[in-house]
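Since every read-out is calculated from the coordinates, none of them should be taken as a lab result. All of these numbers come straight from a predicted model, not from anything done at the bench.
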Amino acid sequence: MSDFRTFYESIPKITRYWMTGSVVMPLLGRIGILSPASMYLNWQDIYENFHIWRPLTALFYYPLTPATGFNWLLMMYFMYNYSKVVENDLFTRRPGEYLFMLIFLWLSSVGIALAFGIYFLLEPMVLAVLYYWAQNNKDTIVSFWFGSRFKAMYLPWVLLGFNMILRGGGINELAGIIVGHIFYFATIEYPLQHGGRPLLTCPQFLKTYFPDEVGGYQSMNGPRVSGDGRPGSGNNNNNQAPRTHAWGSGRTLGSD
């Protein structure tokens, strides 16, 4: 139990909250305490029956069945690895700003999900965070299954294609890529290309409730800044891909 507590408390704060909800709610649904029918995203129930909780429950809930269990575990694996490294490295000691990013991704995912008939937001949210990491580490080499290796910038698209082949899906991953790109463009790409402030900035009330920790940066400027003032690149050791143990015939996705 002490080992689990140490592991749990080692997860950065915002990622820990997100992961906890994304584990507890599916398990409660699996054992019958929560009703899956009241969890998913549905326009009609929101507007006609005032089920205003559905956008929030769709963020954390995911139906666990023999057919979906592996995909849920895969998404939790990606959430742990990439949300953790984004919070630790790209939003160092700035929990309020990372929470703002997740809130923006969530609201954007809700809009796209309602337009395209997506019922649960786990996959779009995880892919959006992964996309943001990949864009900030474009030239980092990651390893996928069967020993394939490629630049991190292609990772979200590889996962989209992988899911299309295995499950005949892809719309959830595409939604995540879209909202992830919107946030990346508004906060990183636009200021770099045109100068000036980012199009999106963290509201002060979030910083009040989740203040910068000692040693953190004071404003949201995207990736960690190197000593010469330039945003960190994929070769920056501070922005390395998550390191994990071997998985399958190739090294774990996201390792160097």
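Tabulated values for the structure
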quantity: Gain upon complete extension [residue 52, residue 192; 0.36 nm per residue less C-alpha separation]; calculated: 46.6 nm
quantity: Net lengthening on full extension, residue 181/residue 158 (0.36 nm per residue, minus Cα-Cα); calculated: 6.7 nm
quantity: Pairs of alpha carbons in the range 1-118 whose separation is greater than 20 Å (percent); calculated: 50 percent
quantity: Proximal lysines relative to residue 151, as straight alpha-carbon distance under 16 Å, when same-chain residues fewer than 8 apart are discounted; calculated: 138
quantity: Per-residue HN-Hα couplings for the range 201-214 [Karplus 6.51, -1.76, 1.60; θ = phi - 60°; Hz; x = Gly/Pro]; calculated: 9, 5, x, 5, 5, 5, 5, 5, 7, 10, x, 4, 7, 4
quantity: Nearby lysines by direct alpha-carbon distance to residue 207 (threshold 28 angstrom, same-chain neighbours under 8 apart not counted); calculated: 13, 84
quantity: The range 64-239: relative contact order as a whole-number percent, Cα under 8 Å and 6+ apart; calculated: 30 percent
quantity: Full-stretch length increase - residue 139, residue 205 - with 0.36 nm per residue and alpha-carbon distance subtracted; calculated: 20.2 nm
quantity: P(r), alpha carbons of the range 87-189 - 5 Å bins starting at zero, rounded %; calculated: 2, 13, 22, 23, 20, 12, 7, 1
quantity: Relative contact order for the range 4-77, counting Cα pairs under 8 Å that sit 6 or more residues apart, in percent; calculated: 34 percent
quantity: Spatial separation of Cα centroids for the range 129-176 and the range 11-64, in angstrom; calculated: 25 Å
quantity: Solution diffusion estimate, µm²/s, Stokes-Einstein, the range 64-239, Kirkwood Rh from C-alpha pairs, 37 °C, viscosity 0.692 mPa s; calculated: 194 µm²/s
